[in-house]
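Asker: Please see the structure below; I have some questions.
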Amino acid sequence: MTDRYAVIGNPVAHSKSPLIHTKFAQQTGEDVSYTAILATRQSFAVAVSDFITQGGKGMNVTVPFKEQAWKSLTTDLRPRAAAARAVNTLTFENGKIIGDNTDGAGLLRDIEINLKFPVAGRRVLLMGAGGAARGILPELLRRRPASLHIANRDINRARDLKDGFHASENLEVAEYPDLSGVQFELIINATSSSLNDELPPLPKGIFAAGALAYDLMYGKGLTPFLRFGQTQGAVKLADGLGMLVEQAAESFLIWRGVRPDTHPVIAMLKGEE
């Protein structure tokens, strides 16, 4: 009997997750189907409940529901999701809704394994303070960077994010003008600016020698942030396609107990761009 999974979000029609998980299932021989479900903030919980009633085994949660799933939906929270205060992977098991977060693991696998860019000892700037930033911050801190700054247009949201990790001495919050004269070896764009074809107000000269510019958004061509990094001396540029596939593989592992090979799926998706 085919096991059912889905991604839920708004918007969600553009999602590559159904294709990715279909490829994973073909590769591993797992009998699964995977679809996309559109919901609103008001209908989110009902949509998840309906999917469970229909026999669904698990879901990926994407924008804008990751924090909502953490706050009000899960009955059992895994440590990664508890630390991130955001959920992107749900497992339905024995009447429980188990919440996990694979975003950080997916990002770090893409950066450190696929891009061969170790984070330990690096100066890191994370832009954004929403669900995406929450999901990746715990994994970044575990790598023990030399420093990690959070920049956000709403400085209070950045401060709130930092407060959740008060035990970390090398975690700082900054407004964009404060970054003038500071350089980073890894800058991650976890804001929604690229969706609107906009660039966060980064000062010039912010990329250190040999730096990596990483945008969680993906699509055809370079985002405004990646174009800026290219002109400012970033040696490596990457969009979020690799992270998307790697976090999906981590979810697949949680659900099916087998980790698929991500490299052919990443190569396939990059060929479509």
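The values are calculated or read from the model by the stated rules, or taken from the named source; none is laboratory data. Only a predicted model underlies this, so the values are computations on that prediction, with no experimental measurement involved. For neighbour counting, all protein chains shown are included, and Cβ atoms are generated from backbone atoms with ideal geometry for every residue, glycine included.
Asker: Only one residue in Leu253, Leu179, Leu171 is in the same structural domain as Arg142 (by TED's automatic domain parsing) and either in contact with a Pro (Cβ under 8 Å, 6 or more places away or on another chain) or under 30 Å from Thr22 (Cβ atoms) (or both). Which one? Spell out how you get there, then give the answer.
Answerer: Values: Leu253 fails: in the same structural domain as Arg142 (by TED's automatic domain parsing); Leu171 fails: either in contact with a Pro (Cβ under 8 Å, 6 or more places away or on another chain) or under 30 Å from Thr22 (Cβ atoms) (or both).
The match here is Leu179.
Asker: Looking only at region 190-230, how many residues end up being under 13 Å from Leu241 (Cβ atoms) and not β-branched (Val, Ile, Thr)? Break it down stepwise before answering.
Answerer: First pass over region 190-230, keeping only residues under 13 Å from Leu241 (Cβ atoms): 194, 214-223, 226.
The next check asks that each one be not β-branched (Val, Ile, Thr); those that pass are 194, 214-222, 226.
Matching residues across region 190-230 total 11.
Asker: List every residue pair whose Cβ atoms lie under 7 Å apart, where the two residues are 6 or more positions apart in sequence or sit on different chains, the first residue falls within region 68-94 and is free of Cβ contacts under 8 Å to residues at least 24 places away in the same chain, and the second residue, located anywhere, is among the acidic types (Asp, Glu).
Answerer: Hits for this filter: Arg78/Asp100; Ala81/Asp100.
Asker: Of everything in region 1-36 that's of a type in the set (Ser, Thr, Tyr) and in a strand (DSSP E or B), which residue is surrounded by the most Cβ atoms within 10 Å (Cβ to Cβ)?
Answerer: Residues of region 1-36 that are of a type in the set (Ser, Thr, Tyr), as a first pass: 2, 5, 15, 17, 22, 28, 33-35.
Now restrict to residues that are in a strand (DSSP E or B): 5, 33-35.
Working: Tyr5: 26, Ser33: 14, Tyr34: 22, Thr35: 17.
Step by step, filter region 1-36, then rank; the result is Tyr5.
Asker: Testing Thr75 on (1) of a type in the set (S, T, N, Q); (2) under 12 Å from the mean Cα position of the chain (by Cα); (3) surrounded by fewer than 22 Cβ atoms within 10 Å (Cβ to Cβ), one condition comes back false. Which one is that?
Answerer: Thr75 satisfies every listed condition except (2).
Asker: Can you work out which of the residues in region 156-196 that are part of a helix (DSSP H, G or I) and surrounded by 19 or more Cβ atoms within 10 Å (Cβ to Cβ) is farthest from the chain's Cα centre (by Cα)?
Answerer: At the first step, the residues of region 156-196 found to be part of a helix (DSSP H, G or I) are 156-163, 176-179, 193-196.
Still in the running and surrounded by 19 or more Cβ atoms within 10 Å (Cβ to Cβ): 158, 161, 179, 193-194.
Numbers: Ala158: 17, Leu161: 16, Leu179: 24, Ser193: 15, Ser194: 14 Å.
Checked region 156-196; the qualifying residue farthest from the chain's Cα centre (by Cα) is Leu179.
Asker: OK, next. Hey, any hits in region 206-228 for a residue that's farther than 29 Å from His263 by Cα and basic (Lys, Arg)?
Answerer: No; the residues of region 206-228 include none that is farther than 29 Å from His263 by Cα and basic (Lys, Arg).
Asker: Filter region 172-213 for residues that are at pLDDT 95 or above and in contact with a Ser or Thr (Cβ under 7 Å, 6 or more places away or on another chain) and give the result.
Answerer: Within region 172-213, Pro203 is the sole residue that qualifies.
Asker: Picking from Thr2, Thr40, Thr62, Thr28, which residue would you name as being touching a Lys or Arg at 6+ places or on another chain (Cβ under 8 Å), among the β-branched types (Val, Ile, Thr) and in contact (Cβ under 8 Å) with a residue 24 or more places away in the chain? Even if it seems obvious, please write down each step before you answer.
Answerer: Working: Thr2 fails: touching a Lys or Arg at 6+ places or on another chain (Cβ under 8 Å); Thr40 fails: touching a Lys or Arg at 6+ places or on another chain (Cβ under 8 Å); Thr62 fails: touching a Lys or Arg at 6+ places or on another chain (Cβ under 8 Å).
The match here is Thr28.
Asker: May I ask you to say which residue of Leu244, Leu199, Leu222, Leu253 is surrounded by fewer than 22 Cβ atoms within 10 Å (Cβ to Cβ) and either part of a helix (DSSP H, G or I) or at positive phi (or both)? Explain how you work it out, then say what you get.
Answerer: On the way: Leu244 fails: surrounded by fewer than 22 Cβ atoms within 10 Å (Cβ to Cβ); Leu199 fails: either part of a helix (DSSP H, G or I) or at positive phi (or both); Leu222 fails: either part of a helix (DSSP H, G or I) or at positive phi (or both).
So the residue among Leu244, Leu199, Leu222, Leu253 that is surrounded by fewer than 22 Cβ atoms within 10 Å (Cβ to Cβ) and either part of a helix (DSSP H, G or I) or at positive phi (or both) is Leu253.
Asker: Now, a different point. For region 209-219, what are the residues that are crowded, with 24+ Cβ neighbours inside 10 Å and either part of a loop (DSSP other than H, G, I, E, B) or not assigned by TED's automatic domain parsing to the domain that holds Leu108 (or both)?
Answerer: Leu216
Asker: Hey, another quick one. Can you list residue pairs whose Cβ atoms sit under 8 Å apart, with the first residue in region 231-255 being under 21 Å from Phe207 (Cα atoms) and the second being acidic (Asp, Glu) and modelled with pLDDT of 95 or more? Count only pairs 6 or more apart in sequence or on different chains.
Answerer: Ala238/Asp110; Ala238/Asp215; Asp239/Asp215; Gly240/Asp215
Asker: Next up: For region 37-55, does any single residue satisfy the condition of being buried (at least 20 other Cβ atoms within 10 Å of the Cβ), of a type in the set (Lys, Arg) and under 21 Å from the mean Cα position of the chain (by Cα)?
Answerer: No: region 37-55 contains no residue that is buried (at least 20 other Cβ atoms within 10 Å of the Cβ), of a type in the set (Lys, Arg) and under 21 Å from the mean Cα position of the chain (by Cα).
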